[in-house]
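Have a look at the structure below before the remarks.
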Amino acid sequence: MAKVVITGANRGIGLALAKAYAARGDEVIATSRTLSDALAGVAGVTQHALDVSSADSVAAFVESLAGPVDILINNAGISGPERAQQTLAEMDYDGWADAFAVNSMGPLRVLQGLRAQLAAAPLGKAVTITSQLGALSLDWPMSYAYCASKAAVNKVMRLAALDLKDEGTAVLLLHPGWVRTDMGGSEATLSVEESAGGIMAAIDGLTLETTGAFLNWDGRPHEW
Ligand SMILES: NC(=O)c1ccc[n+]([C@@H]2O[C@H](COP(=O)([O-])OP(=O)(O)OC[C@H]3O[C@@H](n4cnc5c(N)ncnc54)[C@H](OP(=O)(O)O)[C@@H]3O)[C@@H](O)[C@H]2O)c1
């Protein structure tokens, strides 16, 4: 049984991951800014408050957590400013900073906090749900702030993979697919359950030999 910490677990992909890990018998620490009614009373799930953009909130969460952590899933994310406000012509710079705080800095903040707990596990796994939009190879001129925030977290986790290998912690970046959530919208191709199932299989396959990979939700390598 693995101990799995998930951020942004009150809705969307994070909620689906929390339910699916609990259903297969793992111990789930489901974190979110607002605790989820959907997870109340679910066997195997403990809920904790956590705002990944707040140093105080991360510190308080880490303080409350005892023992090794097998899997951290940095899932919390935001789209940033309105589409029209994150273009070449117009940029909401405060909104861009918010996107960086949640999507780029948040994952590292939580990873820093749980570094020792991950190192204490037989094979710690630090996973970040990024996006294909963070790939430098994808030429879609849209959502400058969101794309930049995901490209940044890709680089951060690539570096962390190098630093953490000797501690026995493996790092993985995952594009979850286009998923029907508040962020992905109703036209998206995947259900949260399909995406979560693929993500879990990819995490199961992660080893220290494959640390630092960027994969699609179905396990195929993603281009940088
Ligand atoms: N859906 C897609 O098609 C798609 C595609 C590519 C990548 N992704 C990525 O997949 C991840 C999950 O997305 P989703 O589609 O499930 O989005 P979602 O339905 O909008 O859910 C986002 C989650 O992130 C949480 N969150 C936002 N800011 C937070 C903060 N400061 N601290 C803690 N939690 C915070 C939200 O909590 P609140 O309820 O408190 O706001 C919510 O639980 C994100 O990283 C996203 O960028 C999604």
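The values are calculated or read from the model by the stated rules, or taken from the named source; none is laboratory data. In this text the structure is predicted, and so the values were computed from the model without any measurement. With ideal geometry, Cβ positions are generated from the backbone for all residues, glycine too; neighbour counts draw on all protein chains shown.
Observations, loosely collected:
- Helices (runs of 4 or more DSSP H) fully within the range 1-104 that include at least 1 residues being polar (S, T, N, Q), more than 10 Å from the ligand (Cβ to nearest atom) and free of Cβ contacts under 8 Å to residues at least 40 places away in the same chain: 55-64.
- Test: residue in the range 137-160 that is in contact with an Asp or Glu (Cβ under 9 Å, 6 or more places away or on another chain) and surrounded by fewer than 21 Cβ atoms within 10 Å (Cβ to Cβ): yes
- Tallying residues that are in contact with a helix residue (DSSP H, G or I) (Cβ under 8 Å, 6 or more places away or on another chain) and over 18 Å from D204 (Cα atoms) within the range 12-46 yields 12.
- Within the set L174, L123, the sole residue that is within 13 Å of the ligand (Cβ to nearest atom), of a type in the set (A, V, I, L, M, F, W, C) and modelled with pLDDT of 95 or more turns out to be L174.
- Hey, G197 at positive phi and surrounded by fewer than 22 Cβ atoms within 10 Å (Cβ to Cβ) or not: no
Residue by residue, here is whether (1) crowded, with 24+ Cβ neighbours inside 10 Å; (2) under 21 Å from S57 (Cα atoms) holds:
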residue	(1), (2)
A101	no, yes
L108	no, yes
L111	no, yes
A121	no, no
A126	yes, yes
Q132	no, no
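- Selected residue (criterion: nearest to the ligand (Cβ to nearest atom)) from residues of the range 130-168 that are polar (S, T, N, Q) and within 17 Å of M183 (Cα to Cα): S131
- Strands (runs of 3 or more DSSP E) wholly inside the range 124-224 that include at least 2 residues being free of Cβ contacts under 8 Å to residues at least 60 places away in the same chain, more than 20 Å from R24 (Cβ to Cβ) and in contact with a Ser or Thr (Cβ under 9 Å, 6 or more places away or on another chain): 169-175
- Residue in the range 64-81 that is over 16 Å from I29 (Cβ atoms) and of a type in the set (D, E, K, R) present: no
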